[in-house]
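**Q** I'd like to ask you about the structure that follows.
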Amino acid sequence: MNKSLSRRAFLRTSIASGASLAAAAAGAAPAGIYRPGTYSAKASGIGEVTVTMTFDADRIIDVVLDVSHETPGIGQAAADTLKKNLMAAQAAEIDGVSGATITSKAVSKAAAKCIAQAKGEIPVEVISDTKTDEDDGDWLGKEPEIAEKDIVVELRELGSEFTELRAPGRLYDLLLCHNI
């Protein structure tokens with residue numbers, strides 16, 4: 001059974017087959033809304049708020065909030081409610097917590113960044129836990145290194161009750177001590 005097929009008939013069959021395959025692929029289930037993974041973002045509230053969200057292809061599966069820099073008893077107390085709201089809404093647009101409006105807005109803003117990262121709309125934000133010298137808790141910053149040979153202390157008596165002690169160039173340039 002050797003049936004010959006013209007070039008025209010072959011092309012017509014091939015094009016029809018290709019079109020039907022393309023139509024079938026177009027009707028297939030979408031790949032998903034999100035790129036599965038865990039994404040973090042920061043936003044400013046009273047302090048700094050960090051939101052970490054974990055996604056599968058179609059939904060948010062976990063939310064972790066770090067509101068440790070927020071006001072205790074207000075912003076920190078709102079964390080559980082805000083987490084529940086994010087999970088229920090599956091979106092960043094959530095109802096705020098009364099009395100913790102600034103924290104609520106910061107959490108919503110950071111959550112929106114996480115969602116945008118998971119959708120591939122913005123670059124992934126890199127959040128580091130390492131502290132810099134500015135973050136050592138001392139508002140004056142890192143203490144300067146001063147060699148002992150560079151410290152000059154002048155001591156002189158100012159009558160019978162007080163003595164003057166000077167350390168030029170230091171934070172406390174003048175200190176009066178009572179003689180005991």
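**Q** At 7 Å along the Cα-to-beta-carbon direction for both residue 147 and residue 35, put a label point, then send me their distance in nm to one decimal.
**A** With each label point 7 Å from Cα toward Cβ, the separation is 5.3 nm.
**Q** Still on this model: Kindly state, as a whole number, the per residue volume in cubic angstrom of the convex hull around the alpha carbon atoms of segment 31-81.
**A** Value for segment 31-81: 68 Å³ per residue.
**Q** So if each residue of separation counts as 0.36 nm, and I subtract the Cα-Cα distance between residue 84 and residue 101, what length gain in nm does that give?
**A** 4.5 nm
**Q** Test of understanding: ordering 126, 63 by Cβ neighbours within 10 Å, fewest first, what list do you get?
**A** Taking fewest neighbouring Cβ atoms as first place, the list is 126, 63.
**Q** Could you put 38, 103 in order, starting from the residue whose Cβ has the fewest other Cβ atoms within 10 Å?
**A** Fewest-to-most Cβ neighbours within 10 Å comes out as 38, 103.
**Q** If you don't mind, another one. If neighbour count is taken as other Cβ atoms inside 10 Å, put 87, 53 in order from fewest to most.
**A** On the way: 87 15, 53 26.
In order of increasing Cβ crowding within 10 Å: 87, 53.
Read-outs throughout are calculated quantities, based only on the coordinates presented, and are distinct from any laboratory measurement. The shown structure was predicted, so the numbers you read here are calculated from the model rather than taken from an experiment. Positions of Cβ are backbone-derived with ideal geometry, glycine not excepted, and every protein chain shown enters the neighbour counts.
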